[in-house]
DNA sequence: GCGGAAGAATGAACATTGTTCAAGACTGAA
DNA sequence: TTCAGTCTTGAACAATGTTCATTCTTCCGC
């Protein structure tokens with residue numbers, strides 16, 4: 001209780017973010033309630049707004065953490081494979097896509113929250129949040145530079161985004177349980193097919 | 001909801017759905033407010049709940065309309081091309097994907113609403129809504145049967161879903177304005193590349 | 001140490017929503 | 001006309017995010 005205020009604030013922010021993360025993991029973004037969170041960390045309702053300006057900011061902070069963990073997962077998948085030949089590059093892209101699928105399945109609610117963020121119309125998302133996103137694309141872009149070294153860089157970036165988006169779409173639809181459930185291994189196979197086909201299509 | 005409705009009720013329901021569609025097209029699902037809608041069609045607040053059980057039901061009805069119009073757009077794109085050779089099949093798939101992109105861009109808020117529907121946990125979506133979705137997949141499945149006639153039907157269905165999902169992902173990310181904007185023609189080119197590559201990958 | 005300014009904590013109050021409900025108004029058959 | 005059933009109404013309720021005056025703490029210059 002008598003730690004210096006600045007430290008205390010940091011600790012509160014961390015505790016608040018923890019609580020928010022737990023609540024979202026438990027019940028999705030819809031269960032991010034100001035009163036619940038205040039109770040979780042033992043402060044009065046109004047105190048929330050000394051730590052954070054918005055519940056939206058809080059959701060953004062949780063999303064940043066999730067993106068960080070996702071990045072680590074993709075890094076781990078990448079580092080497990082060599083990257084020397086073009087075949088390596090394709091294999092690595094497949095591994096990244098599979099890692100993405102498994103992360104999404106294993107962190108379903110937190111992962112979904114990444115895309116449910118609705119910032120107030122007109123407010124751009126903070127730089128640190130945008131950075132997190134770019135870091136993700138770079139995981140895909142790196143093998144691509146080896147795969148198609150002659151392609152101009154803007155085109156490579158665009159291709160990385162497209163590939164990422166395609167895989168993301170497959171994962172999203174595949175984990176949507178209000179449609180027919182697709183077995184995980186079938187999803188993996190579909191992703192692998194698409195990534196390999198897309199890579200082959202890049203060559204020409 | 002399935003008892004025979006009086007004519008007045010039908011008219012009210014239509015007017016209400018119109019109003020909801022207008023509001024969503026204008027400001028997204030967040031601007032579907034009970035009081036606004038009641039005012040729009042000139043009834044008291046409570047009267048809404050004689051016409052519709054929920055605002056969610058209303059959003060679902062608007063989504064059904066949107067899916068219907070989307071289906072028509074895909075049909076129009078399909079019918080404009082012959083379907084005899086395998087090359088025709090690929091061209092048609094590309095045309096469908098492009099039509100999807102243009103529909104999404106031209107009906108951005110209504111299209112996004114399709115995926116923002118959050119039915120109360122545990123309630124399945126009504127059969128008529130599920131049917132609309134299946135009809136969409138069939139647009140993709142039809143050319144696929146010509147393209148890979150030897151493939152077993154379950155596999156064809158799965159491939160259709162995957163292709164649809166991949167294109168959907170590209171469109172979603174491409175129309176997300178809080179990232180770098182991608183010119184429409186670049187988006188078209190990316191989609192065409194991916195669809196053609198995926199089709200070639202199917203053959204082997 | 002101390003005293004006052006700056007900042008933080010509190011919880012009541014406000015604003016905005018979706019939804020319900022008792023009471024009145026209406027409609028159509030007898 | 002009368003009356004039972006139905007529709008409509010708008011006030012009330014509940015849940016929620018956010019603000020604010022008041023009270024309490026903390027920190028820094030003396």
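Taken together, the values in this text are just the output of simple stated rules run on the coordinates, not laboratory data. Note that this is a predicted model, so its numbers are computed, not measured. Cβ placement follows ideal geometry from the backbone for every residue including glycine, while neighbour counts extend to all protein chains displayed.
Sort shortest first the distances from residue A:25 to its counterpart in every other copy, using label points 7 Å along the Cα-to-beta-carbon line, and give them in nm.
Distances to the matching label points in the other copies: 4.4 nm.
As a test of the formula, what do you get for chain B when each DSSP H run with n ≥ 4 contributes -39,500 (n - 2.57) and the sum is divided by the residue count, at 222 nm and rounded to the nearest 500 deg cm²/dmol? Mind dumping the intermediate values first?
On the way: 9 runs with 150 residues, N = 204.
Here the helix-only value at 222 nm equals -24500 deg cm²/dmol.
Return the whole-Å distance between the Cα centroid of the stretch A:155-204 and the Cα centroid of the stretch B:95-156.
Here the answer is 16 Å between Cα centres.
Stretched out fully, how many nm does the piece from residue B:134 to residue B:18 gain, at 0.36 nm a residue minus the Cα gap?
Values: separation 116, 0.36 × 116 = 41.76 nm, distance 2.47 nm.
Taking 0.36 nm per residue and subtracting the Cα distance, the gain is 39.3 nm.
Once each part is reduced to its C-alpha centroid, what is the distance from the stretch B:14-60 to the stretch A:22-45 in angstrom?
30
In nm, what does the list of distances from residue A:86 to its counterparts in the other copies look like, shortest first, when each label sits 7 Å along Cα to Cβ?
Spacings between copies for this position, smallest first, are 2.2 nm.
Among B:38, B:59, B:25, which one shows the highest mean-square fluctuation when chain B is modelled as a Gaussian network with alpha-carbon springs under 10 Å?
B:38
Relative to the longest principal axis of chain A, what angle (0 to 90°, nearest 10) does the C-alpha long axis of helix A:153-174 take?
70
Would you mind telling me which residue in A:64, A:31, A:78 has the biggest mean-square fluctuation in a Gaussian network model of chain A, where springs connect alpha carbons within a distance under 10 angstrom?
Largest GNM mean-square fluctuation: A:31.
Suppose R0 equals 60 Å; then what is the FRET efficiency for residue A:87 and residue B:43 from their Cβ-Cβ distance, rounded to the nearest 0.05? Write out the running numbers ahead of the final one.
Values: r = 66 Å, r/R0 = 1.10.
With a Förster radius of 60 Å, E is 0.35.
For chain B, what does the relative contact order come out to in percent, with C-alpha contacts under 8 Å and a separation of six or more? All intermediate terms of the calculation are to be shown ahead of the outcome.
Working: 167 pairs, mean separation 42.6, N = 204.
Once divided by the residue count of chain B, the mean separation gives 21 percent.
Relative to the longest principal axis of the C-alpha atoms of chain A, give the angle of the C-alpha long axis of helix A:86-106, reported between 0 and 90° and rounded to the nearest 10°.
Orientation of helix A:86-106: about 30 degrees from the principal axis.
Output the 0 to 90 degree angle, nearest 10, between the alpha-carbon long axis of helix B:184-203 and the longest principal axis computed from the alpha carbons of chain B.
Helix B:184-203 sits roughly 60 degrees off the main axis of chain B.
So if R0 is 45 Å, what FRET efficiency would residue A:79 and residue B:50 give, r being the distance between their Cβ atoms, rounded to the nearest 0.05? Walk me through the numbers before you get to the answer.
Numbers: r = 61 Å, r/R0 = 1.36.
After rounding, the FRET efficiency stands at 0.15.
For the ranges A:173-182, A:11-20, what's the packing order if you count other beta-carbon atoms within 10 Å of each residue, average per peptide, and put the highest first?
On the way: A:173-182: 15.1, A:11-20: 17.4.
Top of the packing list down: A:11-20, A:173-182.
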